[in-house]
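Worksheet: one structure, shown below.
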Amino acid sequence: MTTTAAPLDVAALKADFPILARTVREGKRLVYLDSGATSQRPRQVLDFERQYVETANAAVHRGAHQLAEEATDLYEDAREKIANFVGAGVDEIVFTKNATESINLVAYAFGNAAFSDDPAARRFVLGPGDEIVVTEMEHHANLLPWQQLAQRTGATLKWFSVTEEGRLDLSELDDVITPRTKVVAFTHQSNVLGTVNPVSVLVAKAQSVGALTVLDACQSVPHGPVDFRALGVDFAAFSGHKMLGPSGIGVLYGRFELLNAMPPFITGGSMIEQVFMDRSTFAPPPQRFEAGVPNTSQAIGLGAAVDYLRLLGMDRVAAHEHELTGAALAGLQEIPGVRIVGPTENVDRGSAVSFVVEGVHAHDAGQVLDSLGIEVRVGHHCAWPLHRKLDAAATVRATFYVYNDLADVQALLDGVRETQRFFGVNA
Amino acid sequence: MQLQQMYQEIILDHYKNPHHRGLRDPYEAEVHHVNPTCGDEVTVRVHLEGEGADAKVVDVSYDGQGCSISQASTSVLTDLVIGRTVGDAFGTLDVFVELMQGRGKIEPDEDVLEDAVAFAGVAKYPARVKCALLGWMAFKDAVARVVDGDGA
């Protein structure tokens with residue numbers, strides 16, 4: 001990753017994040033290395049959300065009064081900002097609760113297509129003989145919806161395996177994606193391994209057999225420039241709370257032509273065109289997929305988070321994280337008895353760095369790190385099959401974001417050494 | 001330092017040198033429990049003699065993988081319940097569960113809990129309470145299956 005722009009001024013931007021000023025565990029400096037699970041929020045996001053609630057709060061897309069107008073405008077402004085941020089049209093952005101709901105929306109809409117009387121929906125119908133393809137490195141959120149859809153429809157679930165290094169085994173490309181494949185769902189960047197998958201290869205292969213692609217972009221959109229149209233994916237999902245925004249807001253991107261042909265998932269208020277006692281017709285997208293009063297202030301807050309990230313510059317964000325990841329990979333490899341689970345080479349790789357401290361269970365390692373103020377994730381990170389494959393019951397995962405710096409990386413490395421000392425391994 | 005309060009020597013000793021580990025015959029029930037948040041798992045077998053609450057816990061054998069807390073607490077469990085009646089064992093279990101759910105505010109009774117008092121510090125860490133209870137809940141489940149008549 002190269003960039004001509006000046007690097008991020010981390011010291012300055014840290015001041016935007018009030019939580020980073022607190023201490024934990026008896027006065028320790030907070031070293032927050034769990035942004036892959038959820039990121040912290042800058043004042044700008046909190047202020048924007050608060051200002052909306054204090055001045056314009058109303059139910060969007062319903063009332064005709066002034067507050068309703070203002071609230072609806074702010075909500076739709078947020079949609080436009082987000083659309084621009086990820087290279088999408090404004091009608092191609094659906095607000096959901098989180099990325100998990102976004103992916104379920106697609107899977108359930110495909111399932112509902114079998115019961116739709118709209119001929120346009122037939123293209124989504126799955127049945128015995130059809131195949132759904134995922135990968136072994138998926139987060140449960142991009143595995144279970146497809147696993148369950150396969151069970152409901154009789155379709156077959158197939159998957160790409162992961163190499164020892166933590167990359168997709170693309171030697172299987174022609175065996176896994178075949179003319180029977182209807183859906184290919186995969187992660188842009190693994191939440192455990194950090195691996196960035198070759199989207200263009202998978203999209204080209206999927207398109208060649210007429211399969212739809214669904215991209216889990218939870219760990220890519222927050223961390224670098226992403227343009228869904230340029231990537232050529234049909235659907236993509238990401239969550240607000242992993243990109244400096246509020247929790248309770250997620251996004252589904254879908255090519256308009258597809259969204260327009262898709263039946264709804266959740267039905268109810270505001271997603272309708274006409275309603276009779278015995279039947280209804282549905283609004284065009286994105287409203288068709290936004291039944292009920294949405295998480296309005298969260299959507300508006302996510303718009304502010306996008307503003308904040310744009311100001312930082314996503315190229316600079318990516319370059320910054322690349323530097324920290326390189327330092328972490330190099331430092332961890334210098335410690336005997338530490339095994340990195342995922343690519344050790346800082347190429348096609350994001351900032352999730354998972355590892356095992358030999359002789360110390362991840363939970364115990366996390367406890368020592370926590371006692372030092374270093375907050376990491378421990379466990380299987382909602383990717384149990386991947387951990388099973390890589391022969392790790394559980395791993396410690398550090399993830400870096402805009403507000404982390406090299407001092408945080410050093411704290412992690414010192415903490416790992418302290419973990420080994422405490423448990424008497426490699427001492 | 002709080003860390004030492006949690007990782008008492010007793011816990012680390014049981015972790016490194018677990019008691020009664022390994023799966024043995026005979027047994028009337030075998031259960032497999034997992035902690036879905038971290039993937040820790042334990043298989044517990046119980047061998048009882050007699051009926052109801054007066055039945056004797058002749059053997060508890062187990063195998064599993066997990067953190068020091070979950071492994072050590074299962075080891076401590078076997079020391080506390082083998083040779084006792086089911087009624088006594090469940091009494092101890094209730095006291096241990098109460099201790100673990102007490103957020104570190106309960107003074108443990110060493111006469112009842114013996115080595116298990118070492119887990120008092122763990123109770124201050126809500127995320128780890130499940131670790132400490134993993135083997136105990138599996139034991140409770142296994143015994144219930146024998147008593148209810150649908151073991152292994």
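Determine the sum of side-chain charges near A:ARG255: Lys and Arg each +1, Asp and Glu each -1, restricted to other residues whose C-beta is under 13 angstrom from that of A:ARG255. It works out to a net charge of -2.
Measuring nothing but alpha carbons in the range A:71-151 and taking Rh as the Kirkwood radius, the Rg to Rh ratio lands at 1.05. Couplings 3J(HN,Hα) for the range A:152-164, derived from phi with the Karplus relation 6.51 cos²θ - 1.76 cosθ + 1.60 (θ = phi - 60°), are 6, 9, x, 5, 9, 8, 10, 8, 7, 8, 10, 6, 4 Hz, where x marks Gly and Pro.
Here the 3J(HN,Hα) profile of the range A:372-385, calculated from phi with Karplus coefficients 6.51, -1.76 and 1.60 at θ = phi - 60°, is 9, x, 9, 9, 10, 9, 10, x, 10, 6, 6, 9, 5, x Hz, Gly and Pro shown as x. Once A binds B, the 1.4 Å probe can no longer reach about 1700 Å² of accessible area, counting both sides. Inter-chain Cβ neighbour count for A:374-385, averaged per residue, equals 2 (cutoff 10 Å, partner chain atoms only). When chain A is described by a simple charge dipole with +1 on each Lys and Arg Cβ and -1 on each Asp and Glu Cβ, the residue from A:ALA206, A:ALA64, A:GLY248 located farthest towards its positive end is A:GLY248. With the alpha-carbon atoms of the range A:320-427 aligned to their principal axes, the span from lowest to highest coordinate is 34, 31, 22 Å, starting with the largest.
For the range A:48-310, the residue among A:ASN197, A:ILE93, A:ILE177 whose Cα projects farthest onto the positive side of the dipole built from Cβ charges is A:ILE177. Of the residues B:GLU49, A:GLU375, the one with the largest accessible area comes first in the ranking B:GLU49, A:GLU375, computed with a 1.4 Å probe on protein heavy atoms.
Annotation: amide H-H contacts under 5 Å for A:LEU157 (H modelled 1.01 Å from N, sequence separation of 5 or more, or interchain): A:ILE132. Think of it as helices only: each DSSP H run of n ≥ 4 in chain A is worth -39500 (n - 2.57), and spread over all residues that comes to -11000 deg cm²/dmol at 222 nm. Taken as Cα centroids, the range B:22-76 and the range A:20-91 sit 48 Å apart, rounded to the nearest whole angstrom. Amide H contacts of B:ARG21 (H built 1.01 Å from N, in plane; Pro and chain starts excluded): no residue 5 or more places away or on another chain comes under 5 Å.
Counting only protein heavy atoms and using a 1.4 Å probe, the accessible area of A:TYR403 comes to about 0 Å². Computed with a 1.4 Å probe over protein heavy atoms only, the accessible surface of the range A:48-310 comes to 39 Å² per residue. Evaluated with a Cβ-only charge set (Lys, Arg +1; Asp, Glu -1), the protein assembly as shown carries a dipole of roughly 980 debye about its Cα centre, given to the nearest 20. Specify the angular offset, from 0 to 90 degrees and rounded to the nearest 10, of the alpha carbon long axis of helix A:43-55 from the longest principal axis of the alpha carbons in chain A. That helix lies at roughly 40 degrees to the long axis. With protein chains left intact and a 1.4 Å probe, residues in the range B:1-148 average 44 Å² of accessible area per residue.
Can you tally the net charge around A:ALA11? Count Lys and Arg as +1, Asp and Glu as -1, for every other residue whose Cβ sits under 13 Å from the Cβ of A:ALA11.
Numbers: positive: A:LYS14; negative: A:ASP9, A:ASP16, A:ASP405, A:ASP408.
Net of charged neighbours comes to -3.
At 25 °C and 0.890 mPa s, grab the translational diffusion coefficient of the protein assembly as shown from Stokes-Einstein with a Kirkwood Rh over Cα pairs, rounded to a whole number in µm² per second. Could the numbers behind the result be given before it?
Values: Rh = 26.1 Å.
Translational diffusion coefficient: 94 µm²/s.
Going from the isolated chain to the complete set of protein chains, the range B:1-27 loses at least 10 Å² of heavy-atom accessible area (1.4 Å probe) at B:MET1, B:GLN2, B:LEU3, B:GLN4, B:TYR7, B:LEU12, B:TYR15, B:LYS16.
Keeping to pairs on different chains or 8 or more places apart, tell me how many lysine pairs in the range A:48-310 have Cα atoms under 16 Å apart. Please report the intermediate quantities before stating the final value.
Working: A:LYS97/A:LYS242; A:LYS158/A:LYS182; A:LYS158/A:LYS205; A:LYS182/A:LYS205.
Within the range A:48-310, the lysine pair count is 4.
Taking a straight line from the alpha carbon of A:LYS28, these aspartates and glutamates sit under 13 Å away, with near neighbours fewer than eight places off in the same chain left out: A:ASP370, A:GLU375, A:ASP408.
Of all lysines in the structure, the ones whose alpha carbon falls short of 17 Å from that of B:LYS56, not counting any fewer than 8 places away in one chain, are B:LYS140. How many percent of the alpha carbon pairs in the range B:1-148 exceed a separation of 24 Å? So the pairs more than 24 Å apart make up 25 percent of the total in the range B:1-148. Peptide A:366-372 shows a mean partner chain C-beta count of 4 within 10 Å per residue C-beta.
Give me the compactness ratio for the range A:48-310, meaning the Cα radius of gyration over 2.2 N^0.38 Å. Mind showing how you got there, number by number?
Working: Rg = 18.5 Å, N = 263, 2.2 N^0.38 = 18.3 Å.
Scaled against compact globular proteins, the figure is 1.01.
Provide the net charge surrounding A:ALA398, with neighbours chosen by a C-beta distance below 10 Å and charges set as Lys +1, Arg +1, Asp -1, Glu -1. Each step should come with its number before you reach the end.
Values: positive: A:ARG377, A:ARG397; negative: A:ASP34, A:GLU375, A:ASP408.
Residues close to A:ALA398 contribute a combined charge of -1.
Mean per-residue shielding of peptide A:353-362 is 2, counting Cβ atoms of other chains within 10 Å of each Cβ.
The values are calculated or read from the model by the stated rules, or taken from the named source; none is laboratory data. As the structure is a prediction and not an experimental result, all values here were calculated from the model. Note that each Cβ is placed from the backbone with ideal geometry, even for glycine, and that neighbours are counted across all protein chains shown. Quick note on the areas: whole protein, heavy atoms, side chains included, nothing else; ligands and nucleic acids left out. Shrake-Rupley method; radii C 1.70, N 1.55, O 1.52, S 1.80 Å.
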